[in-house]
1. Of the residues that sit in region 257-276 and are within 21 Å of residue 223 (Cα to Cα), touching a helix residue (DSSP H, G or I) at 6+ places or on another chain (Cβ under 7 Å) and not aromatic (Phe, Trp, Tyr), which one is surrounded by the fewest Cβ atoms within 10 Å (Cβ to Cβ)?
2. Enumerate the pairs (first residue in region 274-301 and under 11 Å from residue 255 (Cα atoms); second residue anywhere and in a helix (DSSP H, G or I)) with beta-carbon separation below 6 Å, excluding pairs fewer than 6 apart on the same chain, so at least 6 apart or on different chains.
3. Just give me the residues in region 116-135 being under 20 Å from residue 194 (Cα atoms) and modelled with pLDDT of 90 or more, in sequence order.
4. Considering region 284-313 alone, what residues qualify as being modelled with pLDDT of 95 or more, under 23 Å from the mean Cα position of the chain (by Cα) and loosely packed, with under 15 Cβ neighbours inside 10 Å?
5. Quick check on region 237-249. Is at least one of its residues without any contact (Cβ under 8 Å) to a residue 60 or more places away in the chain, over 22 Å from residue 178 (Cβ atoms) and not acidic (Asp, Glu)?
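The values are calculated or read from the model by the stated rules, or taken from the named source; none is laboratory data. A quick note: this is a predicted structure, and the numbers were derived from the prediction, not measured. When we count neighbours, we look across all protein chains shown, and the Cβ atoms used for this are built from the backbone with ideal geometry, even at glycine.
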Amino acid sequence: MHVLGLTFSEVCEALRPHPHNIPALRRAYAAALRGELSDDLLQAATLPVVRQQRDGDLIKFVQRLTSGLETESVIIPMQGRQRSWRTLCVSSQVGCAMGCTFCETAQLGRLANLSAAEIVGQVAAARQVFDADIRNVVFMGMGEPFDNFDEVIQAVRVLTDPMGLSLGKSHVTISTVGRTEGIRRLAALGWRRINLAVSLNAPNDEIRSRIMPINRVEPMDALRDALLDYPLRKCQFFMIEYVLIPGVNDAREHAMELVEYLRPIQCCLNVIPYNPRIDSPWPAPSEESVLQFIDWVESAGQFVKRRMTKGRDFMAACGQLGNRELRPRSRSAKVELGMAK
């Protein structure tokens, strides 16, 4: 049988120098027989890992695309009461067009959308190159997933197909800055078990518009309407992400405004201590201020969790991904990357 003009044995022979990829390719081959995968998955599954950095079991790894651009992904160790597992934070774009002032990725602008194959290839590399038992995949790396909706959705299909990488949809989380059209399109798919996270980061439109330009087009009321229309299961909730930035959104009045905004939404507030980007105008918050903010919202009746900081020392934490050296500095470079109009 042939896929992409190659028999499976020919694919294996071509990849003899990379035996760690064979199990992933076998699964990819089986799925390709069913027409589920895009025709460049086999190539994407073998994108080279060109750099890696570690802090214990936390690993940030970089894969180079054929264009010369790079994806960044992070393997995050998770520990429960009786078991441990790994979560993989994947990128859906190289760079991001959203312009959030606190985010390192936003400083690149959007350089490229990743294909479904390049997204799935990040998971394949984590499993095969690093032998990581990936139980959860979160679209919280570089990029706004709903700005690359079709490829992200195809990647989720591959990740959750029994003949693909066989993750349950309840083990996949898509994080958005609040693209209401994307939220409604995801709802229309009827994928009741997939998880949705929203990067809110502000208690009101004034602050949010200042740090997240998307809010000037899609303000908080429109975002809340989209979430209230979303068909959550009774046992499910949105993850509302709130990056706590000193002097910007961390006062008691901000906490109270936030609780009132979230009151009608079935959600868990996830407080994320700010991880400074390069040349950041803000420092990381103190531990005392993080605990105080959590206490304020919890006392007001909001279910809240705290995102533990991991990988901040080598730009692997939330909001720190992206290699600015790849940012084109001239029109000719943009033309070469296919970015110029």
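1. Initially, region 257-276 is screened for residues within 21 Å of residue 223 (Cα to Cα), giving 257-272.
The next check asks that each one be touching a helix residue (DSSP H, G or I) at 6+ places or on another chain (Cβ under 7 Å); those that pass are 258-259, 261, 264-265, 269, 271.
Add one more test, that the residue is not aromatic (Phe, Trp, Tyr), and what stays is 258-259, 264-265, 269, 271.
Numbers: 258: 26, 259: 19, 264: 10, 265: 19, 269: 24, 271: 23.
Ranking the qualifying residues of region 257-276, first place goes to 264.
2. Sorted first by the residue in region 274-301, then by its partner, the pairs are 293/255; 296/252; 296/255; 297/255; 297/259; 300/259.
3. 119, 122, 123, 134, 135
4. 303, 305 - these are the residues of region 284-313 that are modelled with pLDDT of 95 or more, under 23 Å from the mean Cα position of the chain (by Cα) and loosely packed, with under 15 Cβ neighbours inside 10 Å.
5. Looking through region 237-249, at least one residue is without any contact (Cβ under 8 Å) to a residue 60 or more places away in the chain, over 22 Å from residue 178 (Cβ atoms) and not acidic (Asp, Glu).
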